[in-house]
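Worksheet: the structure to be examined is printed underneath.
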Amino acid sequence: MLRTHRCGELSEANIGEEVELSGWVHRRRDHGGVIFIDLRDREGIVQVVVDPDTPDAFALADKVRSEYVIRVRGKVRRRPQGTENPGIPTGKIEVLARELEILNRAETPPFPLDSEVPVSEEVRLRYRYLDLRRPEMQEKLRQRHRITQVLRRFLDAHGFLEIETPFLTKATPEGARDYLVPSRTHPHAFFALPQSPQLYKQLLMISGFDRYYQIVRCFRDEDLRADRQPEFTQLDIETSFMDEHDIMALMEEMMRDLFQQVLKVELPNPFPRLSYAEAMRRFGSDKPDLRIPLELVDLGDVMADVEFKVFAGPANDPNGRVAALRLPGGGDLSRKEIDDLTKFVSQYGAKGMAYVKVNDVAKGRDGLQSPILKFLPDTVIDAIVQRTGAQDGDIIFFGADKARVVNEALGALRVKLGQDRGLVEEGWRPLWVVEFPMFEWDEEEKRWVALHHPFTAPACSIEELKADPGKAVSRAYDMVLNGVEVGGGSIRIHTPEMQQAVFELLGIGEEEAREKFGFLLDALKYGCPPHGGIAFGLDRLVMLMTGSRTIRDVMAFPKTQTAACPMVDAPARVNEQQLRELFLQLRKLPQQRAREKAENAS
């Protein structure tokens, strides 16, 4: 053994003990002939003192530098009064070294590990093994471990079995692109890496396992954002003979247990629930951040008869919406700030953004300031002020367009204003969003697409579903926490007739359904129980619970925004022999063909 204790485990209870420690030199200081070394391992940092009374150890201590790996033997003692360090758990003690051994030297790291000097993410990911030595990063991964342990214990205690499902499976339509894996033993055929274990966990319910869970790696070949990665981890759960209310109640209990054990935080009991329609109406989002006390207000009926077509058009369009967002105290926004906000909402398809500054409510029209007032009669202006609850010093922003554009633009504006103006309340605000539409219409492809996935059960009969797909509501439920969707699930379709009807509405014909999902349709014929489940984005959950900026900060070895790993230089080309074994031949990239064409032309 190269140690008797870990650095961060030592305390006043160890005073007088002889200990052996091994770790990395976090910092070295030479104070007038006495050398101080902050020794670090995964449990924390402890101060080691080396003085000239131990000449061999002192000579070696004089040579050590940042990130050297060393072993120390010495005695734990109390720090002299006035030299305690309240910033670390071991701040009241130190180790007086008797022996010191250099286990390995280290070159100067490409960035300091003992300071808060900003370092680009590209550099951090290239040297991720060094980045992970930083106490901040180590604590995040330790917290991730604690979170998964608590979740496992809860599910084990409630009768769930952890069962692994395959990584090499079959490509499926719908959703993001699959990562394909060519098969050497089956020429011209491909496996796909799973976007989720959805179908396998349904088959486990048909197999009679009743309650399943898995902390599983999933893969999606899609564009990335701060909370997206090409490979990610989810807590996957499925259970039989429970309806959506039972499942939501159990998952709430699990989340309350998790937050209490890990963060000592009490979440509400029960979680509030919002229908999809109400969430979109009030917040413009199906994952609203309830910590922000701003809400959208409908004005369609008020604007229906005005001559101003910018408002009247959407107000009279069945697919349009006119809504307002009041910002208390926002009357101090400058014209440039308003222009910047207008540019911000344009990212979401908004063609512009009208506003009204409220200077003095009591003066009516004369107490307001806006270029659009001349287009609105007094009755409409009074209705806007009354419905929005405007007060002196406020500003009212308007959205008027297709409902989707208004929801996305004002919903994003609501979040931005809440964050920029310091309106985000402290604490945790979980909720369930329920009663999602079963389908949404894709204008480009002129067909229905599943809002969640094609295995979600509708809350109606087959006849009602076929009669009016646009009005069908699904038995789906999403758990939202502080504006982030952390889990999504549903009751599943458990009869072949309903599954076939949903496939047909999605434009998946009988032949394609048999080719893609024949195994599922067959399995549904053999006594499939009513069942449902949920999947939690573990990376997102850990990101929130550790206060991290992106999920990359809570993953050991994440990819960059371009889905690459600079540390191992992946993805990378393979040699011709490997391609031949897989019966593959590379096509030239478009830019290569264009360049060759230009060269031939010249």
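Laboratory data are not the source of any read-out in this text; all were calculated from the coordinates shown. Predicted, not measured: the structure shown is a model, and the values here were computed from it. Every residue, glycine among them, receives a Cβ derived from its backbone with ideal geometry; neighbour counts consider all protein chains shown.
Structure above, values below:
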quantity	calculated
When the stretch 292-424 is reduced to its Cα atoms, the Kirkwood hydrodynamic radius in Å	14.7
Dimensionless Rg/Rh of the stretch 7-104 - Kirkwood Rh, Rg from C-alpha atoms	0.92
Amide H contacts of TYR179 (H built 1.01 Å from N, under 5 Å, at least 5 apart or other chain)	LEU193, ASP221
Charge tally in the Cβ shell below 9 Å around ALA403, where Lys, Arg are +1 and Asp, Glu are -1, ALA403 excluded	+1
Note, ³J(HN,Hα) from phi for the stretch 360-377, Karplus 6.51, -1.76, 1.60, rounded to Hz, x at Gly and Pro	8, 4, 4, 8, x, 3, 5, x, 10, 9, 5, x, 8, 4, 5, 8, 10, x
Using θ = phi - 60° and Karplus 6.51 cos²θ - 1.76 cosθ + 1.60, couplings along the stretch 234-239 (whole Hz; Gly, Pro as x)	10, 8, 9, 9, 8, 8
Amide H contacts of VAL473 (H built 1.01 Å from N, under 5 Å, at least 5 apart or other chain)	MET438, ALA459
From phi via Karplus (6.51, -1.76, 1.60), per-residue ³J(HN,Hα) for the stretch 8-17 in Hz, x at Gly/Pro	x, 8, 6, 8, 4, 5, 8, 4, x, 7
Charge dipole (the chain, unit charges on Cβ, about Cα centre) - positive-most of VAL385, PHE375, ILE45	ILE45
Exceeding the 32 Å Cα-Cα cut-off - candidates LYS466/LYS516; LYS351/LYS466; LYS516/LYS559; LYS516/LYS597	LYS351/LYS466; LYS516/LYS597
Too-long pairs where the Cα-Cα distance tops 22 Å, listed order kept, from LYS446/LYS471; LYS309/LYS363; LYS343/LYS374	LYS309/LYS363; LYS343/LYS374
Hull-based mean projected area of the stretch 367-503, where the convex hull spans the alpha carbons, in square nanometres	12.4
Qualifying lysines (Cα of each under 26 Å from Cα of LYS63; at least 8 residues distant if same chain)	LYS75
Within the chain, helix-based [θ] at 222 nm, where runs of 4 or more DSSP H residues each add -39,500 (n - 2.57), nearest 500	-9000 deg cm²/dmol
Orientation-averaged projected area, Cα convex hull of the chain (nm²)	40.0
